[in-house]
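To start, the structure under review is shown below, and the notes come after it.
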Amino acid sequence: NVAVHKGSVEGDKVSGITNAYNAGSLAVTKNVTGNMGDKNKAFDVTVTFTAPEGKTVNSAIALPDGTTGQFSNGTLVANISLKDGQTLTFNNLPYGVTYTVVEGDYTGEGYDAAQYDNAEGTIDSVTDTATITNNKGVEVDTGIVLNNLPFIAVLAVAVAGIAALALRKRARQF
């Protein structure tokens, strides 16, 4: 690239000056696992972007809902909702901006604590990714619980005793 600026002689062309704006994107993906995980449930997620120290971000950030957001006092906070298999992307993020992805607490609904891949990072490539995984699984009762076996045995002996008494009484009647 060649830029024109005032040098020793006005209007001289000077090479070696490069003005570049490098911007990337952040794709946030949601995964729900487990035999009781609700694949249609929307999970609330907060994504916080922070400008590099000593720098101001003036560019408009393309939010996943089609609107744009602006940094205020060095930060931009976006609230999104994601379902299983869904990915939402933030675009036009200048290199050097840091991000943090945090999901709401769903442990009260039986989900394990969320697992994150790249929940924090710095925008330094064309596409950075963060993944959130929620698991909700229960052990399914598929057979006889052996903890109850002694009680079942006592019940079986009692039923057999009653049957034996009934047969004995009937045999006396004839």
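Odds and ends about this structure:
- The lysine pair count for the stretch 27-174, using Cα distances under 27 Å and pairs eight or more places apart or on different chains, is 9.
- Entry for log10 I(q)/I(0) by the Debye sum over Cα atoms at q = 0.09 Å⁻¹ (calculated from the structure that is shown) out of (1) -0.29; (2) -0.40; (3) -0.54: (3)
- Only beta bridges with both residues in the chain are counted; by DSSP, about 80 percent of them are antiparallel.
- Of the residues 43, 130, 114, the one whose Cα sits farthest toward the positive end of the charge dipole of the stretch 21-167, with +1 on the Cβ of Lys and Arg and -1 on the Cβ of Asp and Glu, is 43.
- Percent carbon-and-sulfur accessible area, the chain, ignoring ligands, DNA and RNA, probe 1.4 Å: 53
- Most to least packed among 23-30, 50-57 [average Cβ atoms within 10 Å]: 23-30, 50-57
- In this structure the chain gives 67 Å² per residue of accessible area when probed at 1.4 Å with all protein chains present.
- Mean-position separation - Cα centroids, the stretch 31-59 and the stretch 119-143, in angstrom: 11
- Rounded to the nearest 20 debye, the dipole magnitude of the stretch 89-139 is 160 debye, with +1 charges on Lys and Arg beta carbons, -1 on Asp and Glu beta carbons, and the Cα centre as origin.
- Remark: the chain carries a charge dipole of roughly 1360 debye about the Cα centre, counting +1 on each Lys and Arg Cβ and -1 on each Asp and Glu Cβ.
- Helix-only mean residue ellipticity at 222 nm for the chain, each DSSP H run of n ≥ 4 adding -39500 (n - 2.57), per residue, nearest 500: -5000 deg cm²/dmol
The values are calculated or read from the model by the stated rules, or taken from the named source; none is laboratory data. It should be emphasised that the depicted structure is a prediction, and the values quoted were computed from it without experimental measurement. No Cβ is skipped: glycine too gets one built from the backbone with ideal geometry, and neighbour counts run over all protein chains shown. The area values use the complete protein model at the heavy-atom level, side chains included, leaving out ligands, DNA and RNA. Shrake-Rupley method; radii C 1.70, N 1.55, O 1.52, S 1.80 Å.
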